[in-house]
Amino acid sequence: MSTPRIAAAFASLLIAAAPAAYAETAAHSRAAATTATEAQIQPDQIRASKMIGSAVYDVQNRKIGSVKDLVLDRDGQVASVVVDVGAFLGMGGKYVAVSLRDLKTDHNRLTLDLTKEQLQQAQNYRLENPNTGAGTSTSPVHGGHLGSGR
């Protein structure tokens with residue numbers, strides 16, 4: 001076969017394959033665009049990293065504590081939000097568990113329909129259970145404590 005015939009055959013093959021390649025690329029682009037719009041945080045969601053450490057206010061706009069931690073159940077649902085109800089200069093404070101449903105977002109802040117006094121009278125919540133070891137388990141992936149970054 002001569003060089004011009006090989007070139008012509010190759011060009012014909014490319015021309016014939018181009019619509020299929022374009023269709024595949026276009027379909028992939030549409031799938032990626034659909035995935036990109038679906039895979040993003042929604043207005044009714046909040047990131048745990050933004051929630052932990054955030055101040056919690058009462059409905060009268062007084063700071064009543066800060067989010068210390070989130071406790072997840074076996075299904076990955078937030079079982080409790082642990083609020084640090086610190087006293088003056090961090091002395092005399094304690095941790096209190098509240099339901100995620102009880103926290104509201106108000107003007108990009110967390111609010112709770114309780115007073116600081118009501119939270120201080122609530123039952124103390126321990127983040128570690130000395131009887132079962134809950135809260136002190138090691139990461140199965142890294143062998144270190146969860147949340148330690150290792």
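The values are calculated or read from the model by the stated rules, or taken from the named source; none is laboratory data. None of the values given here were measured: they were computed from a predicted structure. Ideal geometry is used to build each Cβ from the backbone, glycine not excepted, and the neighbour counts take in all protein chains shown. For accessibility, only protein heavy atoms count, side chains too; no ligands or nucleic acids. Shrake-Rupley method; radii C 1.70, N 1.55, O 1.52, S 1.80 Å.
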In terms of modelled amide H atoms, which long-range or inter-chain residues lie less than 5 Å from the amide H of Leu114? Val59
What does the accessible area of Thr132 come to, in Å² to the nearest 10, when a probe of 1.4 Å is used? 100 Å²
Going by amide H atoms built from the backbone, whose H comes under 5 Å of the H on Ile52, apart from near neighbours? none
Within a Cβ distance under 12 Å of Val78, other residues only, what is the Lys/Arg minus Asp/Glu net charge? -3
So, R0 is 30 Å and r is the distance between the beta-carbons of Gln40 and Asn131; what FRET efficiency does that work out to, to 0.05? 0.10
Looking at region 50-123, which trypsin sites (Lys or Arg not before Pro) are DSSP coil and have at most 12 other C-beta atoms within 10 Å of their C-beta? Arg62, Arg74
